[in-house]
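Peer 1: Can you read through this structure? Questions will come right after.
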Amino acid sequence: MGIMTGKKGIIFGVSNTRGIAYGIANELFQAGADIAFTYANEAMEKRVRPIAESMNAKLIEECDVTNEEDIKKVFEKYAKTYGDLDFVVHAVAFANRDDLTGEFINTSKEGWDLALGVSAYSLVSISRIAQPYMKNGGSIFALTYLGSEKVVANYNIMGVAKAALECSMRYLADNLGKNNIRVNCISAGPVKTLAASAVGGLNKMLTAAQLKAPLKRNVTLEDIGKAGLFLASDLSTGVTGEVIHVDCGCHAVFGSIDEMNAMLS
């Protein structure tokens, strides 16, 4: 019997076994949760279905998170399959590769709308549509990154999108608190995932983070997954409107001695 036994929910955004969403899904599954999965399109189904089936998913559904009719259909099918909804994990983000390179000032209007629509507004849509199904309260949480708070090279428009995501989370926490629904974000440190490979200079980011972090290491998928388990479970019943940093303390340090020595050497 795990702490999630009897708990049921849905994860938007698992795409492969090397991603943060998978790390969270795995921890939830190991703790006894029943999980439904979505995938973005037919091409992604080939990656997601084996993962979902390995976790005994009863629902594996295509969903374009920019299409509210798609989201509605997913939750309707979820309710028919699982009944109660206890948790929702938002692990969806996207930006044009061209908008993640060069200077932020050159971000296109189309690129801005795409990144903020997929990465931030989708949390609003999903939360609104999920609300009626969370009859006994529950937890909604999303994934963010330090680039929402500080300038990070090659993060550009995604940093703005994550800032919008975090601010939206706080307003959603206020709106949904009366229904005993908690809304939070996990700000994960850099991890070598397929998604992170789209950000230039990842290896340098990993090295810098390890030098700066008080724990002197990079965060792991297991670390982040455990934080997701905390937020989804009843262990976090008093936590809402919060950005939880899971980055080995990197966000708290401006410049460590090790990092400064490396820069000066």
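Peer 1: Starting from residues that are among the aliphatic types (A, V, I, L, M) and in a helix (DSSP H, G or I), keep the ones in segment 95-115 and report whichever is farthest from G147 (Cα to Cα).
Peer 2: Here the residue is L114.
Peer 1: While we're here: Which number in (1) modelled with pLDDT under 95; (2) of a type outside the set (K, R); (3) within 22 Å of D84 (Cα to Cα); (4) surrounded by 22 or more Cβ atoms within 10 Å (Cβ to Cβ) marks the one condition that Y39 misses?
Peer 2: Failed condition: (1).
Peer 1: Run down G83, G138 and say which single residue is surrounded by fewer than 17 Cβ atoms within 10 Å (Cβ to Cβ), touching a residue at least 24 places away in the same chain (Cβ under 8 Å), under 24 Å from D234 (Cα atoms) and not polar (S, T, N, Q).
Peer 2: The unique qualifying residue is G83.
Peer 1: Given the condition farther than 30 Å from G6 by Cβ, of a type in the set (D, E, K, R) and surrounded by fewer than 23 Cβ atoms within 10 Å (Cβ to Cβ), answer yes or no: does some residue in segment 111-127 qualify?
Peer 2: Taking every residue of segment 111-127 in turn, at least one turns out to be farther than 30 Å from G6 by Cβ, of a type in the set (D, E, K, R) and surrounded by fewer than 23 Cβ atoms within 10 Å (Cβ to Cβ).
Peer 1: Just give me the residues in segment 64-91 being of a type outside the set (D, E), part of a loop (DSSP other than H, G, I, E, B) and closer than 14 Å to I126 by Cα, in sequence order.
Peer 2: V65, T66, N67, L85, A91
Peer 1: Could you tell me how many of the residues in segment 68-121 are among the aromatic types (F, W, Y) and within 18 Å of S15 (Cα to Cα)?
Peer 2: Of the residues in segment 68-121, 1 are among the aromatic types (F, W, Y) and within 18 Å of S15 (Cα to Cα).
Peer 1: Out of all the residues in segment 147-175, which are surrounded by fewer than 20 Cβ atoms within 10 Å (Cβ to Cβ) and within 14 Å of G189 (Cα to Cα)?
Peer 2: Within segment 147-175, E149, K150, V152 meet the criteria.
Each row is one residue, and each column tells you yes or no for (1) touching a Leu at 6+ places or on another chain (Cβ under 7 Å); (2) at pLDDT 90 or above; (3) not in a loop (DSSP other than H, G, I, E, B).
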residue	(1), (2), (3)
D174	no, yes, yes
K192	yes, no, no
S197	no, no, yes
N218	yes, yes, no
E222	no, yes, yes
L235	no, yes, yes
H245	no, yes, yes
F254	no, no, no
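Peer 1: Continuing with this model, one more query. Regarding segment 127-140, can at least one residue be identified that is aliphatic (A, V, I, L, M), part of a helix (DSSP H, G or I) and either at pLDDT 95 or above or within 24 Å of P190 (Cα to Cα) (or both)?
Peer 2: The answer is yes, given that some residue of segment 127-140 is aliphatic (A, V, I, L, M), part of a helix (DSSP H, G or I) and either at pLDDT 95 or above or within 24 Å of P190 (Cα to Cα) (or both).
Peer 1: Related question: Just to be sure I understand, how many residues within segment 1-37 are in a loop (DSSP other than H, G, I, E, B), more than 13 Å from the chain's Cα centre (by Cα) and of a type outside the set (K, R)?
Peer 2: Result for segment 1-37: 11.
Peer 1: Moving on to the next point. Do the conditions hold for K204, that is, is it part of a loop (DSSP other than H, G, I, E, B) and of a type outside the set (S, T, N, Q)?
Peer 2: For K204, the condition - part of a loop (DSSP other than H, G, I, E, B) and of a type outside the set (S, T, N, Q) - is not met.
Peer 1: Kindly indicate which of T101, T107, T81 is β-branched (V, I, T), over 13 Å from the mean Cα position of the chain (by Cα) and at pLDDT below 95.
Peer 2: T101
Peer 1: I'd like the residue in segment 227-238 that is over 17 Å from the mean Cα position of the chain (by Cα) and not hydroxyl-bearing (S, T, Y) and, out of all such residues, is surrounded by the fewest Cβ atoms within 10 Å (Cβ to Cβ).
Peer 2: Residue satisfying both the conditions and the ranking: G238.
Peer 1: Still on this structure, please answer the following. Tell me, yes or no, whether segment 176-187 has at least one residue that is in contact (Cβ under 8 Å) with a residue 12 or more places away in the chain, surrounded by 18 or more Cβ atoms within 10 Å (Cβ to Cβ), of a type in the set (K, R) and part of a strand (DSSP E or B).
Peer 2: Yes, there is a match, as at least one residue in segment 176-187 is in contact (Cβ under 8 Å) with a residue 12 or more places away in the chain, surrounded by 18 or more Cβ atoms within 10 Å (Cβ to Cβ), of a type in the set (K, R) and part of a strand (DSSP E or B).
Peer 1: Quick check on my filter: what residues within segment 35-49 are touching a residue at least 24 places away in the same chain (Cβ under 8 Å) and either among the aromatic types (F, W, Y) or more than 16 Å from K8 (Cα to Cα) (or both)?
Peer 2: Within segment 35-49, F37, Y39, A40, M44, R47, V48 meet the criteria.
Peer 1: Confirm whether A52 is free of Cβ contacts under 8 Å to residues at least 12 places away in the same chain, farther than 19 Å from G159 by Cβ and either small (G, A, S) or buried (at least 19 other Cβ atoms within 10 Å of the Cβ) (or both).
Peer 2: In short, no.
The values are calculated or read from the model by the stated rules, or taken from the named source; none is laboratory data. Everything quoted here is computed from the prediction, not taken from an experiment. FYI the Cβ positions are ideal-geometry reconstructions off the backbone, even for glycines, and counts take in every protein chain you see.
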